[in-house]
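Visitor: Quick one: structure below, then a few questions.
The values are calculated or read from the model by the stated rules, or taken from the named source; none is laboratory data. Model, not experiment: these values are computed from the prediction. Here the Cβ positions follow ideal geometry from the backbone for every residue, glycine too, while neighbour counts run over all protein chains shown. Side chains are part of the model used for accessible areas, which takes the heavy atoms of the whole protein and leaves out ligands, DNA and RNA. Shrake-Rupley method; radii C 1.70, N 1.55, O 1.52, S 1.80 Å.
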Amino acid sequence: MNKVAVIDYGMGNLHSVAKAIEYTGAKLGERTEVVITSDAQHISQSDRVIFPGVGAIRDCMAEIRRLRIDRIIKQAISEKPVLAICVGMQALMLQSEENDGVKCLGLIKGRVKHFGDPLLDPHGKVLKVPHMGWNQVRQTKSHPLWQNIPDDSRFYFVHSYYVEAEDLDQVAGVTNYSLDLVACLSEENIFAVQFHPEKSQEMGQTLLRNFLTWDGSQ
Amino acid sequence: MALAKRVIPCLDCDKGRVVKGVKFVDIRDAGDPVEVSKRYCEEGADEITFLDITASHEDRETTVDTVRAIAGEVFIPLTVGGGIRSLNDIRTMLNAGADKVAINTAAVLNPVFVKQAADRFGSQCIVVAVDAKQVNQEGEEEKRWEIFTHGGRRSTGKDAIEWVSKMVENGAGEILLTSMDRDGTKNGFDLALKRRVSRSVKVPIIASGGVGSLEHLAEGILVGEADAVLAASIFHFGEFTIGQAKAHMSAQGIEVRT
């Protein structure tokens, strides 16, 4: 039995993530139990944790603090594999520029920045914000979660802010949208992605499958 | 390495079946929505848009079940539109597994609804669907478009370009732009409208209404400057596959996901 806790702090749509995990788990042939929860005990009893997030960072952080999810995340990170997705990844950083500046969890060094308005490509052409759709991810280090995923595979992104990491050794993948930006960070048992593996068809499922069998080592 | 332009098949659904009419009459059955979605996903669709055209309230339960069934099998973004009128409707669709909702009439009746929806659920899941028609009088030189409701039958008197800007200000994360005077005609997109709208806002535009050939899809991107193209009937009845659409677009120099 593989127990996966999807952390629920009232922000957005966790059902997509849960469904994708259930589907992937069933294909692995191992019984996978997915719980959507904000309960510390549920989370401590799980084998691995998914920290999703959508919407505005100010609201996310307010809910994280109100529900004391910050302690739960810190606890989870000290003991088991954690996959952070989209705003979940951004929430791990020190601070975000969104909503006039929001202090985040500070578990990974770096900041979250806005794409700029207007966002221009190198030829001066305006690029749409949010960065929405399928973009390629260049793997910048080897990692168990990249297993069976070809370099430059496409994943589904939707975001208006991006992570700027301080420690470049933590960058596991980059994508290009006007600039090279962080698509994935990894640090010990944390893997964090800006894109949505639960919406990225086969490559996303491969990544989720890798997460379901990952022991948390690099 | 670049962001791909998206190809989005659209499923118009009535009482749990995919249908497609020409200008909303002569509705033809095009199959089971779950099976159709799976097929499109395998062919390489970048997203699925599901538009509920069921009129009666009691059949809405069927729609929620269908959305849940699609979301359990198809792991690409799923947008659900048709009859989204309240925050509760949005919550219901997201809980069923939709990733985005498309708001149309309710936005016209109450533009603040879009702001409330974006504040509550985030702009990334709020698509505003805009049904536009060209409304030029004889002798007018500059093209004008207005938005319509009720399947293109009811005029609102609102200028389409101004309306889209207002919706983006209110928090729309994406615009689904349908030319009602082209829908079902297979004569191609209203490219002038698509380009005007795309240049006027910073969020992505999905071009819809009028696709009859693969060249129309390519034009929507290259001339209409849309970020995604949406079509229904050319895919439903086996004329073209999503793969053929992408191969054609790629040959025209458009970045697509293959």
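Visitor: Would you say B:LEU177 is modelled with pLDDT of 95 or more, assigned to a strand (DSSP E or B) and either open to solvent by 10 Å² or more (accessible area, probe 1.4 Å) or touching a Gly at 6+ places or on another chain (Cβ under 9 Å) (or both)?
Guide: It is true that B:LEU177 is modelled with pLDDT of 95 or more, assigned to a strand (DSSP E or B) and either open to solvent by 10 Å² or more (accessible area, probe 1.4 Å) or touching a Gly at 6+ places or on another chain (Cβ under 9 Å) (or both).
Visitor: Mind listing just one residue for me: the one in the range B:138-160 that is under 17 Å from the mean Cα position of the chain (by Cα) and open to solvent by less than 70 Å² (accessible area, probe 1.4 Å) and, of those, modelled with the lowest pLDDT?
Guide: B:GLY151
Visitor: Looking only at the range B:200-223, which residues are within 14 Å of chain A (Cβ to nearest Cβ) and either farther than 18 Å from B:ASP183 by Cα or assigned to a loop (DSSP other than H, G, I, E, B) (or both)?
Guide: B:SER200, B:VAL201, B:LYS202, B:VAL203, B:PRO204, B:LEU222
Visitor: Also: So, in the range B:75-118, of the ones that are open to solvent by 10 Å² or more (accessible area, probe 1.4 Å) and at the interface with another protein chain (Cβ under 8 Å from one of its Cβ atoms), which residue ends up modelled with the highest pLDDT?
Guide: B:ASP99
Visitor: A follow-up question, please. Could you tell me whether any residue of the range A:157-173 is within 12 Å of another protein chain (Cβ to nearest Cβ), polar (S, T, N, Q), assigned to a strand (DSSP E or B) and over 20 Å from A:VAL82 (Cα atoms)?
Guide: Checking the range A:157-173: not a single residue is within 12 Å of another protein chain (Cβ to nearest Cβ), polar (S, T, N, Q), assigned to a strand (DSSP E or B) and over 20 Å from A:VAL82 (Cα atoms).
Visitor: It is to be established whether one or more residues within the range B:120-133 are out of contact with any Asp or Glu (no Cβ under 8 Å at 6 or more places or on another chain), away from chain A (no Cβ under 11 Å), open to solvent by 50 Å² or more (accessible area, probe 1.4 Å) and not aliphatic (A, V, I, L, M).
Guide: no
Visitor: Restricting attention to the range B:28-57, which residues are basic (Lys, Arg) and either within 15 Å of the chain's Cα centre (by Cα) or more than 20 Å from B:SER208 (Cα to Cα) (or both)?
Guide: B:LYS38, B:ARG39
Visitor: In addition: State which residue pairs qualify: first residue farther than 15 Å from A:LEU181 by Cβ and within 14 Å of chain B (Cβ to nearest Cβ) and inside the range A:99-123, second residue charged (D, E, K, R) and not in a loop (DSSP other than H, G, I, E, B) in any location, beta carbons under 8 Å apart, and separation of 6 or more residues or different chains.
Guide: A:ASN99/A:ARG58
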